[in-house]
Amino acid sequence: MEKAYWSAKARALRPYTAGEQPREKLIKLNTNENAYPPSPRVTAAVAEAAADLRLYPPSDGGIFREAAAQLHGLDTTQIFCANGSDEVLAQAFLALFDPDRPVYTLDVTYSFYPVWADLFGLELRTVPLDKDYAVMPGSFAGAGAVVLTNPNAPTGMAARPGLLREIIEGTDGPVIIDEAYAGFGSHSALPWVGEYDNLLVVRTLSKSYSLAGLRAAYAAGQPHLITALETIRNSYNSYPVDRLAAAGAAAALRDEAWHKECCGRIMKTRDRTRQALIDLGHRVLPSEANFLFVECTDPDAASMFQALRDRGILVRYFGSGRTRNFLRVTIGTDDDMDAFIKAMEHIS
């Protein structure tokens, strides 16, 4: 009876499960948030913007859009801004993918993709990663539409530039590359948006810019793709980026020195943590993101997850398919990771 007034669509959906946001005090290494604060310019910009909130914000993101375009040497007509990358991606699915053309993605990747496909009535087909969880050359040959996370999540592994070009050039329709973790060392496809009329690159400020709580993201592509996204936006919510988010996002993008320094610290901690885990006998996939994907055998991943939680450390366990023996571990501060390594020494 509790679903009596639900639509048939709502009753049929199996929604995405977000990472846990615990109330108790834990070392939180489960949702790939940044371990360090955003640029001090962000707080100042948000405070200034908060002085007057009477008016609606610009529908296109305003100063946020301008800052993203300036950062990448693009025109503002090549930038689309929204309330977090999940909103950008959802609207891109609606704007660029059709029910009569299958959308291809990886068999181990961001678990929101099948949710959107189901919601929007799209056929999602998967291509397998190899035994080492890498994208195989030729795996997207003949695809009519592609969505690809690079670096991939939850593996952390990135496809090389030549393979990315092969995928873009070998796809007849749109290619969306989700670069949520591109700030942590991987090659970006964003400089190519002027070369390919089918390429849309999505970026978020949640990870490398330390702004998960602000909800700001953007897409870059040729103007005809951006216009398609704007058409969806203006049929759904004409003001997705509020004045505070736009001001904070613009300030973050304009402090590239802070961004690079913060990412560098995380990359250094990530690499030493990976080596420490390997020294303990664990298989850890090479990562170009702000997390590690760790295979567990003794104890298994479920037991390891619980043992870590019992010691006050929260990581992410997916628990099914090819990833059932892996834990995803966000890179925290050096103190956080020292505590994590010490706990792994006792549990392993």
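The values are calculated or read from the model by the stated rules, or taken from the named source; none is laboratory data. Please read these numbers as outputs of a predicted model, since none were measured by experiment. Every residue, glycine among them, receives a Cβ derived from its backbone with ideal geometry; neighbour counts consider all protein chains shown. Keep in mind that these areas ignore ligands, DNA and RNA; they rest on the heavy atoms of the full protein, side chains included. Shrake-Rupley method; radii C 1.70, N 1.55, O 1.52, S 1.80 Å.
Of all residues in the stretch 181-203, which are farther than 28 Å from Thr31 by Cβ, assigned to a loop (DSSP other than H, G, I, E, B) and of a type outside the set (A, V, I, L, M)? Within the stretch 181-203, Gly194, Glu195, Tyr196, Asp197, Asn198 qualify.
Residues in the stretch 211-228 that are crowded, with 22+ Cβ neighbours inside 10 Å and either of a type in the set (Ser, Thr, Tyr) or not in a loop (DSSP other than H, G, I, E, B) (or both): Ala217, Tyr218, Ala219, Ala220, Gly221, Leu225, Ile226. Under the condition of being touching a Pro at 6+ places or on another chain (Cβ under 7 Å) and either more than 12 Å from Ala82 (Cβ to Cβ) or polar (S, T, N, Q) (or both), the residues counted in the stretch 226-272 number 2. Among residues of the stretch 276-294 that are in contact (Cβ under 8 Å) with a residue 40 or more places away in the chain, those with a Cβ under 8 angstrom from a residue that is in a loop (DSSP other than H, G, I, E, B) and surrounded by fewer than 18 Cβ atoms within 10 Å (Cβ to Cβ), sequence gap 6+ or separate chain, pair up as Leu280/Ser348; Gly281/Ser348; His282/Ser348; Leu285/Asp132.
When we screen Ile347, Ile341 for residues that are among the β-branched types (Val, Ile, Thr), under 25 Å from Phe184 (Cα atoms) and surrounded by 14 or more Cβ atoms within 10 Å (Cβ to Cβ), the only hit is Ile341. Residues being within 26 Å of Ala252 (Cβ to Cβ) and modelled with pLDDT of 85 or more: count how many of those fall in the stretch 1-47. So the answer is 21.
Looking for something surrounded by fewer than 24 Cβ atoms within 10 Å (Cβ to Cβ) and among the aromatic types (Phe, Trp, Tyr) - is there at least one such residue anywhere in the stretch 189-201? Yes, there is a match, as at least one residue in the stretch 189-201 is surrounded by fewer than 24 Cβ atoms within 10 Å (Cβ to Cβ) and among the aromatic types (Phe, Trp, Tyr). Once the stretch 288-329 is narrowed to residues that are farther than 26 Å from Pro22 by Cα and either buried (at least 19 other Cβ atoms within 10 Å of the Cβ) or over 21 Å from the mean Cα position of the chain (by Cα) (or both), the residue that is modelled with the highest pLDDT is Glu288.
Could you tell me which of the residues Ala69, Ala47, Ala90, Ala18 is surrounded by fewer than 18 Cβ atoms within 10 Å (Cβ to Cβ), of a type in the set (A, V, I, L, M) and over 30 Å from Leu308 (Cα atoms)? None of the others qualify; the one that does is Ala47.
Mind checking which residues of the stretch 247-287 are open to solvent by 40 Å² or more (accessible area, probe 1.4 Å), over 30 Å from Pro58 (Cβ atoms) and out of contact with any helix residue (DSSP H, G or I) (no Cβ under 7 Å at 6 or more places or on another chain)? Spell out how you get there, then give the answer.
Within the stretch 247-287, the first condition is being open to solvent by 40 Å² or more (accessible area, probe 1.4 Å), and the residues that meet it are 254, 256-258, 260-261, 265, 267-268, 271-272, 274-275, 278-281, 283, 286.
Those left that are additionally over 30 Å from Pro58 (Cβ atoms): 261, 265, 267-268, 271-272, 274-275, 278-281, 283, 286.
Glu261, Arg265, Lys268, Asp271, Arg272, Arg274, Gln275, Ile278, Asp279, Gly281, Arg283, Pro286 - these are the residues of the stretch 247-287 that are open to solvent by 40 Å² or more (accessible area, probe 1.4 Å), over 30 Å from Pro58 (Cβ atoms) and out of contact with any helix residue (DSSP H, G or I) (no Cβ under 7 Å at 6 or more places or on another chain).
Per the conditions (1) over 24 Å from Arg41 (Cβ atoms); (2) of a type in the set (Ser, Thr, Tyr); (3) part of a strand (DSSP E or B), the sole criterion not satisfied by Ser235 is (3).
Among the conditions (1) at pLDDT 95 or above; (2) open to solvent by 30 Å² or more (accessible area, probe 1.4 Å), the only one that Pro57 does not satisfy is (2).
Could you tell me how many of the residues in the stretch 307-348 are without any contact (Cβ under 8 Å) to a residue 40 or more places away in the chain, over 18 Å from Glu24 (Cβ atoms) and in a strand (DSSP E or B)? Steps first, please.
Within the stretch 307-348, the first condition is being without any contact (Cβ under 8 Å) to a residue 40 or more places away in the chain, and the residues that meet it are 308, 310-311, 317, 319-320, 324-325, 327, 335, 338, 342-343, 346.
Narrowing further to those that are over 18 Å from Glu24 (Cβ atoms): 319-320, 324-325, 327, 335, 338, 342, 346.
Subset that is in a strand (DSSP E or B): 327.
The qualifying residues number 1.
Restricting the first member to the stretch 107-122 and to residues that are closer than 23 Å to Phe293 by Cα, and the second to residues that are assigned to a helix (DSSP H, G or I) and among the charged types (D, E, K, R), the beta-carbon pairs closer than 8 Å and six or more apart or on different chains are Asp107/Arg322; Val108/Arg322; Phe112/Asp86.
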